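Here is the structure we will look at, set down as structure tokens.
The values are calculated or read from the model by the stated rules, or taken from the named source; none is laboratory data. A quick note: this is a predicted structure, and the numbers were derived from the prediction, not measured. As a convention, Cβ positions derive from the backbone with ideal geometry for all residues, glycine included, and neighbour counts pool all protein chains shown. Note: areas computed on protein heavy atoms with side chains; ligands, DNA, RNA excluded. Shrake-Rupley method; radii C 1.70, N 1.55, O 1.52, S 1.80 Å.
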Amino acid sequence: MTRTILGIFFLLLPLLEIAGFVVVGSRIGALATVGLVIASAVLGALLLRIQGIGALRRAQIQAQAAGAPDREIVHGAMIVLAGLLLIVPGFITDIIGLLLLLPPVRDLAWNAIRSRIIVFGTGFSMRGAQARRETKVIDLDERDYREVDGNASSPWRRPDAE
């Protein structure tokens, strides 16, 4: 049911955007309408650059604090979606994009989709990558380590190394 409604919305969206251009253009003029579309695209591009990097940093900080960065990742994805919607020419997509910029709206959307998201792990942080590399190190106690004569035969020694 929701897929059908969403499909119909995406089919009708271009027609609704054209109608929005006509209505806004008749009220404020064609040049001002084009100016608004360009301004929203520039705002969306700036938003993607500034807010997208900030959202990635917040997710990394949350992951390093041993917490699941699921909320930060979803909020970051919504901010990126808001920026993309602002870049797309049209007033309806701009309104949806501006609404996604509001933290209460993002929290409302997060609460609606939280039960459908599963986080498998937070191993993408730098600390997690270093911990995985360190697991390949063999740690010996002093009693486990001893030096042997370099001339002694060893199964680990290559014949060409002599």
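The set of residues from segment 65-120 being among the charged types (D, E, K, R), at pLDDT 80 or above, farther than 27 Å from residue 32 by Cβ and surrounded by 17 or more Cβ atoms within 10 Å (Cβ to Cβ) comprises just one member, 106.
Residues of segment 1-13 that are within 11 Å of residue 92 (Cβ to Cβ) and open to solvent by 70 Å² or more (accessible area, probe 1.4 Å): 9, 12.
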